[in-house]
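Asks: The structure under discussion is supplied below as structure tokens; questions concerning it will follow.
The values are calculated or read from the model by the stated rules, or taken from the named source; none is laboratory data. Every value quoted in this text rests on a predicted model; they were computed, and no experiment measured them. Here the Cβ positions follow ideal geometry from the backbone for every residue, glycine too, while neighbour counts run over all protein chains shown.
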């Protein structure tokens, strides 16, 4: 009888360790997935000053628009820094999503205004930067999808029985998805230079 009891305790310990390791693995996966978003958003943020600098020479009368792009970029950089510190934090994810939406809106206005400047549209540097930005936007979308998939997998383990008992005991809190509002286009900004 002692051996059966001892065997059950060993099985319970192995089961608990397995659940704990599963939680840690899934948390690390979503953090790694966010790191991929971080890489792509940093690339996007790094492209914007060059884009604005190129446009500045042609769009001299659109100073407010160009400044709005730089301000939105700086807010997005700040939001990314906050979210990178804790990728599962709901407030950080909302701040990042709002900042990136603001940046996309500012870029959209700049691109719409640039249609009035044929020399800017024909500028080789502007075309190359726009192409890189579009490519990066696509990579951000894929990285965001991978992050959201990883967060969903993690949250499933945190919420389901019996792993939820272990998760609450060891402070494995639910993570927040990185979602954009429906009224903002989820596609890359349209760029036609």
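Asks: In region 138-179, how many are touching a helix residue (DSSP H, G or I) at 6+ places or on another chain (Cβ under 6 Å) and under 30 Å from residue 59 (Cα atoms)?
Replies: 2
Asks: Among the residues of region 56-75, is there at least one that is under 24 Å from the mean Cα position of the chain (by Cα), under 29 Å from residue 27 (Cα atoms) and surrounded by fewer than 16 Cβ atoms within 10 Å (Cβ to Cβ)?
Replies: Yes, because at least one residue in region 56-75 is under 24 Å from the mean Cα position of the chain (by Cα), under 29 Å from residue 27 (Cα atoms) and surrounded by fewer than 16 Cβ atoms within 10 Å (Cβ to Cβ).
Asks: Against the definition (surrounded by fewer than 16 Cβ atoms within 10 Å (Cβ to Cβ) and within 13 Å of the chain's Cα centre (by Cα)), how does residue 85 come out, yes or no?
Replies: Spelling it out, residue 85 is indeed surrounded by fewer than 16 Cβ atoms within 10 Å (Cβ to Cβ) and within 13 Å of the chain's Cα centre (by Cα).
Asks: Another question about this same structure. Among the residues of region 70-103, how many are more than 24 Å from residue 152 (Cβ to Cβ) and either in contact with a helix residue (DSSP H, G or I) (Cβ under 8 Å, 6 or more places away or on another chain) or modelled with pLDDT under 95 (or both)?
Replies: The total comes to 10.
Asks: Determine if region 7-21 includes at least one residue that is under 24 Å from the mean Cα position of the chain (by Cα) and farther than 29 Å from residue 127 by Cα.
Replies: Within region 7-21, none of the residues are under 24 Å from the mean Cα position of the chain (by Cα) and farther than 29 Å from residue 127 by Cα.
Asks: Going by the conditions given, is residue 135 surrounded by 16 or more Cβ atoms within 10 Å (Cβ to Cβ), out of contact with any helix residue (DSSP H, G or I) (no Cβ under 8 Å at 6 or more places or on another chain) and modelled with pLDDT of 85 or more?
Replies: Answer is no for this residue.
Asks: Same structure, new question: Would you confirm whether any residue within region 109-118 is more than 30 Å from residue 13 (Cβ to Cβ), surrounded by fewer than 15 Cβ atoms within 10 Å (Cβ to Cβ) and touching a helix residue (DSSP H, G or I) at 6+ places or on another chain (Cβ under 8 Å)?
Replies: yes
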